[in-house]
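To keep things clear, I will list the structure first and then write my remarks on it.
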Amino acid sequence: MAGEKERKRSGMGIMMKEENKILVIIPAYNEAENIVRVVRQMMETAPQYDYLVVNDGSTDSTLKLCRRENFHYLDLPINMGIGGAVQAGYIYAYKNDYDIAVQMDGDGQHDIAYLDRLLQPLVQKEADVVIGSRFLEKEGFQSSASRRMGINILSLLIRITTGKKVMDVTSGYRAVNRMFIEIYSKDYPTDYPEPEAIVEAVMHLGVVKEVPVQMRAREGGISSITFKKSIYYMIKVTLAILVCRLSYGIRRGRREEVKEGAANDDTQ
């Protein structure tokens with residue numbers, strides 16, 4: 001049974017590879033304890049997809065390990081933060097004509113086994129942005145109670161401001177199509193970007209969909225979000241969501257008009 005599931009997953013991957021050019025973006029800041037394991041697992045489990053490690057000015061041996069292992073990597077000269085690192089990946093994807101880009105953390109929390117599940121709605125043209133959600137089936141690592149409370153508050157705020165219900169608004173395990181590769185390559189939130197990026201997607205009339213995934217606890221290293229930073233995070237992200245929503249005004253245009261506007265921006 002397990003072998004059959006694996007063959008089906010591999011078959012889907014081959015189909016996607018033939019029809020779509022796919023890049024997995026792996027932002028990494030001081031992930032020396034995790035990055036080799038994460039990339040090797042990516043290469044072994046899903047070799048049909050391209051990947052790019054974005055070293056975000058790490059001060060540990062992350063860059064040295066990427067060089068030693070001959071990984072595909074982009075080295076940022078200074079620490080840009082998670083938003084800057086992810087946007088650098090989107091710029092690379094846009095300039096190299098990828099059809100789909102996937103974000104996957106370099107800390108080992110995101111299970112590559114769910115990658116095809118994340119990609120399927122994009123390949124089948126059912127969505128523009130797909131988010132891997134821990135909370136649809138409530139299996140695997142669910143984060144702490146305090147963080148889940150914060151996530152629920154941000155989820156409610158996004159629903160109030162945009163009308164879109166997304167349960168796992170802070171999930172960094174997500175994939176986007178070519179339209180949003182272009183949008184995010186030009187404009188992506190810098191600090192704690194995931195919830196604000198959802199608002200931006202809805203305001204660009206994108207179809208946002210969640211799919212169930214299981215995540216793991218961090219396998220090594222230390223999370224950059226401390227208790228004090230979590231308080232700052234909630235204040236910062238709440239304000240960012242409100243400002244982002246207000247900056248778009250009332251979006252009631254058709255999807256084609258949004259695309260036409262983006263095309264006009266390119267020609268100017």
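Only the coordinates and a few stated rules stand behind these numbers; no lab work does. From a predicted model like this one, the values you see are computed outputs, not experimental measurements. Counting neighbours? That spans all protein chains shown, and the Cβs are built from the backbone with ideal geometry, glycine included.
Structure values in brief
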| item | result |
| --- | --- |
| Members of segment 23-52 that are among the hydrophobic types (A, V, I, L, M, F, W, C) and assigned to a loop (DSSP other than H, G, I, E, B) | 32, 46 |
| Pick from segment 149-176, criterion under 12 Å from the mean Cα position of the chain (by Cα) and more than 20 Å from residue 138 (Cα to Cα), ranking: surrounded by the most Cβ atoms within 10 Å (Cβ to Cβ) | 175 |
| Residue match in segment 52-65 (condition: touching a residue at least 40 places away in the same chain (Cβ under 8 Å) and over 13 Å from residue 107 (Cα atoms)) | yes |
| Selected residue (only one of 116, 105 is surrounded by 18 or more Cβ atoms within 10 Å (Cβ to Cβ) and in contact with a strand residue (DSSP E or B) (Cβ under 9 Å, 6 or more places away or on another chain)) | 105 |
